[in-house]
Every structure is written in structure tokens, then in C-alpha cells.
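Written out below as C-alpha cells is the structure these notes cover.
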Amino acid sequence: MKKNRSSSHVIGDVGVLFPGPGKKTLQQRLQECQARQQELEKQISKLKKSNQELEASRDKYELLYDFAPVGYFIFDQKGDIRTVNLTGANLVGIERTDLINLSFSKLVTVKDLPVFTDFLRNVFSNHEKMTCRLRLTNGGKPPIYVRIEAMMTESGDECYAALMDITERRRAEKALRESEYNLAKAQSMSHVGSWRSDPLTGELRVSDELLRIMGLDREEATAEVLANLIHPEDRELAMVLLRQSAEHGVNYETEHRLLLRDGTSKWVYTIVDPSVNIARQAVKLYGTTQDITERKQHEVRLRNKKNELQAIFDSVNDGVMVFDHNGAIQHHNHICSQFFSPEVLAVGGCRDIFHSDSALSPQTCPVEMALLGKRVETSQVVVRAGHNTRYIDITANSIKDAFGEKTRALVFLRDVTLKRLQEMQLIQTEKMSSLGVLATGIAHEINNPLTSVAGYAEALLRRFRDEPSLGTDTRLDVFPKYLEVIIRESYHCKGIIGSLLNFSRKSEGLNCTVNLSGLLLEIIELLKHQPSNKDLNIIADLKGNIPAVLGDPSGLRQVFMNLLVNACHATKDGGQVKISATYADKDQAAYVIVHDTGCGIAPDVIDRIWDPFFTTKGVGEGVGLGLALSYNIVKRHGGEIQVESCEGEGTQFTVLLPLCPKLSVQME
């Protein structure tokens, strides 16, 4: 190798020093070789890239081949499998390697084996694509239905075959045939005929049951003939509805009469549902027509019976309702509309009236109990939006039909609202009177011991002050502080008890000068110590120089106590109740404003809050007399009471009371 390299160097040198005439130098040849080498490298690079692209394309098409949605097979003339893709192997449930050279006839069911043999013979005897359907074995499971499309190759030794699983389609076709059969039977049993029409071509297809209803043969069933069978008095409306459905793609339902060729008439109920395109244009009209002649006859008889019952019901002064065996309202008289809304009376049932929060209530619902054969006597409170709360006595009895199978319920409703409110008012009055007497007695009993406790504490505190030597005892250092707390809290309790005694004091009916600020502070002091108001922020903004008003202290206490108690009830935990008092010289009046951040008053009931016995509270929480009494008391004092409210944000009551004339003159 070394020797050869030396020789090449020598030759190169000679070629450089003594180039022959017309010959290229060694340097030029080397440059040409290098250029040629670079060109070859580029070609090699391009070939490699092309090879990679071919490999990628081959892998892609091989992947597409394996995972195609149909199974691809290659058969020889004997029916042996030469190649198969992955989908085909999965279709027959056998590994691809086990399928190669396997006779496909072994996968065909015994019944379809002759079909496959004839099919394969025809494929190899013709140059056209052939198709057949077969059932393949499925390892003990129901067979698989496949469709095979095959064509012979150019060589004539093999054929290409594509297999598609049509099992689900065969099942769907079978189900469709059964469905069509069942539909025909159902139409015959229910007297419902169906039809389909094409608005563009005028094509009309009708069912056998529709032909029976119309009394026509199939050859006679044209659109014109069917239209002419509609009763002349109903034809115009029926055709207008049909045209609107065809032109605008709207569905409709209608009842009309038919006047048949034999002179008889029938009532039919027709439903039309168009199939529309994206432009909402009807491309098909689908309709059903039901013979309802018998139902119409029953309806006439029932309507007559209902009119008789209605006349009887309307002559009764109590509410009368009849419920069917499912608890739905069948009949009711005009009195029931005073208790329940028209919607409930039209389509409602016992659930809407007696137990709206649960589907069934066999232990408490008078209708359900009556349907079981029991006689029920009970009461109910009816709360209806925009109407006064009503108290109703209910009596329910069962009604059996002629066969004794289905039971209905007869319910009587008697309005006892006035009687019940009077009873509740008397009970509440007696209760409040008893509580007042009890509270007054307890207050007197507590006041005396508190006086003793405060007196002895003051005596001990004076002794500490009068005898300095007691202060030198370190064990008694905190005693003066403790005694001061005892005295302060004792007098605080006495103040609360004093306010309670003032509030419970019987009104003498006489007017005197009243210090509004002091009276309001007494009421606030009482409310602050109520456990239910511990989470409320009660704010008092009272001017100390408000002139006195002339009035009844007990009556005014009741007014402002009612307003503050209502404000506290309407305000949730964490809310705020504010009472402020001021006066105006030009009006010669004092203003007391009670504002809360509670639930507010609905606009539809705000004008009724002054009515006696009207309340938005639950049963047993109030009788609706507080604001009515407050209004009368303020009017008796020559004042005014106003309300402003926003539902969900709060309420504000403003009480205007005239100032005491003498004091107002002195101020001037």
C-alpha cells in the first residue's frame, strides 16, 4: 500500500510537470472525481429519502388495509385463503396466521355451504364482480351474517373478496318486519289508520286500516277521494290545516266528521306531523286517523250526565268535589273556585290540593283514605296567592261504581275561616292576657329581691369607703370592684323589669305627655334580651331633645312594640333593625322610623297588611291583628303611619305623631 501511494505521487508529479498535449492534469481529474462523488452522494440521499417515503407509504397502506372496515380475503380456485387482513380475521374470530391456507368453506354453516360453492364457481367463470350473503359459524354462538363481494384476478388463479358483517342489519330487518306486522295489528285493534303523502309529487300511501275506516278499496284511495269524504261543514277547516302543514312544516291535531259513500257519518281524530328540510319546507306529510265515533257518542252521554250533576252541585252552598279512582278531579261546583285556582280544578288531583310535596299520602290525604272505603273528617288551611288564607272543614266519603270495582271519592268543603279566626283571636288574647299577668307577677317577685341585693351591695361598698382599714387586707382587694358590678347589674335588671311593668300596665284611656325617646328605649331594652334577637343588630338613633307628644303611653308602646317585633321576625340572623326618632317644627310633629333589612313585603299584598286577620306568618305565629291595631291607635292619636318596602331588601315604617301643643309653644 505504501509503495502504491509513492507511485501515485510520482506519477502525479510527472503529470503536473510534463502534461501531455490535449490531456487533463491530475488535479483536474481529481476535481472532476470529487464533483462526481458529490453528485452521487446527492443522488444517494434522494434515493434514501424516496425509499423512506415509500416505506412510510407502505406502512400506512398496510395499516389501512389491516384496519379497513371490511374484511379483505384472497381465495384460490379451491376456496383456500391465501391472504387476509386483520379485520377479516377478527370478523371470523380466528388468528390471521391460522387462516392462511385454510379452506373458507370450513367457516360457512352447513345450510349455506352449497351457496358458497356455487358463488365461488361463478366468480372464477366470470370476469364480473359477484355478490352473495352467507352465514358463518361463530363458535357455538348465533351465526354471523356476512355479505361477500368477489372478483377474479387477471391471472385467473385467485379472486379478491370483501366481507362485511351484516348481522345487525339482518336483525334490524327482521325487527322491522315484526314491527310492521305489529303496527298493522295495533292499527286494526285501535281503529287507527296511517298515511303518508309527498306534497311535491302528490304520492299517497295509506294503510289497510285507513281504507277500512274510509270504506274504500286501495285503487280508489287518492287525495281527491279522501278530501271529498270529509263532511262538507268540516272540509274547509281541515283542508286549511293540511295546506298550512304542507307549506310551513307545522304539525297539528284535529277532529272532524266523515260523510261516507253509504250515507253514514263518522268522527275521526287526525294527527299530522310533517318531515321538513333545513329550510323548514315539508318534504313528507305523515298522518294518523283514528275512528272516534264511539268515543264521541260516549262523550255526549257523559256531557249530559255532567250537566245534571253540575246543576245539583251548584245548588249546594258548600264546595263539592268528586275524585276518580286515581285521585284526579272529575267534577266540582262553583264554590270550589273560591278555594283553588282554575288550573288545579281543570287538570289537578288530590296531590295538588292536599299533599303537593309528595306523590302519595295514604295516612293524611282525605281522598286516598276515602278511596280505601273510609269516612274522613278533617280540616285544612288553604293559602292561595293574592287571596286571604282560608280555613276549611273537610268531609270525604267513598263512592263505588256499578261493578263495585273502582271507587271514587266525594268531598265536601265548608269555609269556616271567620269562625276559626275568631277562635284563634280569643285563644291568642287569653294567652297574652295570661302571659301578661304571669309576667307582671314574676316581675314584682323578682324586683323585691333585686332591691335587697342592690341595697346590701351598696351598704358593703359604703363600709369599704368609710373604713379605710378594710382596704389594707389584700384578700379584700377585688371586693369593691365586685360590689360595683353587682350594684350596676342589679339596677340594670330593675330597669328591665320596670320597662316590662310599664308595658304590661293597663291603659287608662287617658292622654298625657309622653317622652318618646324614653318610651322607645324601654321597648328596645326588652327586645335586646329576647333569645331570638341575639344575632340581630338593633340600632337606636334617638334625638335627646325631641319634644313630648300627647298620647296614651300604653297604646304607643303597643304600636312601636308591634313594629319592632315584626321587623325582627322579618330579618334573618346577621341583619339589621334600626329605629330613629326626630321632629319637625314646621309640621309640629314627631317622626319615628322603623327600618329593617329583612325579606320585605310583596307588592301584591302590601295594601292588605292593615286588614284585620291578614298575616304572612305561619299558622300559630300570628293572627294578623298587630298592624290593624297599630293603625287604629295611631289614627286615634291624630297621626299617620306609612310603609315602604322592596321585596328581598327590607321594609320601612314611618309613624307621625303631633307634638304636645303646650310644649311646642314654649319652644317657640
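Within the range 271-280, the residues that satisfy the criterion of being out of contact with any helix residue (DSSP H, G or I) (no Cβ under 8 Å at 6 or more places or on another chain) and either assigned to a strand (DSSP E or B) or polar (S, T, N, Q) (or both) are 271, 273, 275, 276, 277. A residue that is assigned to a strand (DSSP E or B), in contact with a helix residue (DSSP H, G or I) (Cβ under 9 Å, 6 or more places away or on another chain), surrounded by 10 or more Cβ atoms within 10 Å (Cβ to Cβ) and not hydroxyl-bearing (Ser, Thr, Tyr) can be found somewhere in the range 290-305.
Checking 95, 128, 173, 149 one by one, the residue that is without any contact (Cβ under 8 Å) to a residue 40 or more places away in the chain, more than 30 Å from residue 63 (Cβ to Cβ) and under 58 Å from the mean Cα position of the chain (by Cα) is 173 and no other. Restricting attention to the range 41-71, the residues that are at pLDDT below 70 and either on the phi > 0 side of the Ramachandran plot or among the aromatic types (Phe, Trp, Tyr) (or both) total 1. Filtered by the rule that a residue be of a type in the set (Asp, Glu) and in a helix (DSSP H, G or I), the range 474-494 gives 484, 489. Residues of the range 345-370 that are surrounded by fewer than 19 Cβ atoms within 10 Å (Cβ to Cβ) and of a type in the set (A, V, I, L, M): 345, 346, 347, 359, 360.
The values are calculated or read from the model by the stated rules, or taken from the named source; none is laboratory data. What you see is a predicted model, and the numbers here were worked out from it, not measured in a lab. Note: ideal-geometry Cβ built from the backbone for every residue, glycine included; neighbour counts use all protein chains shown.
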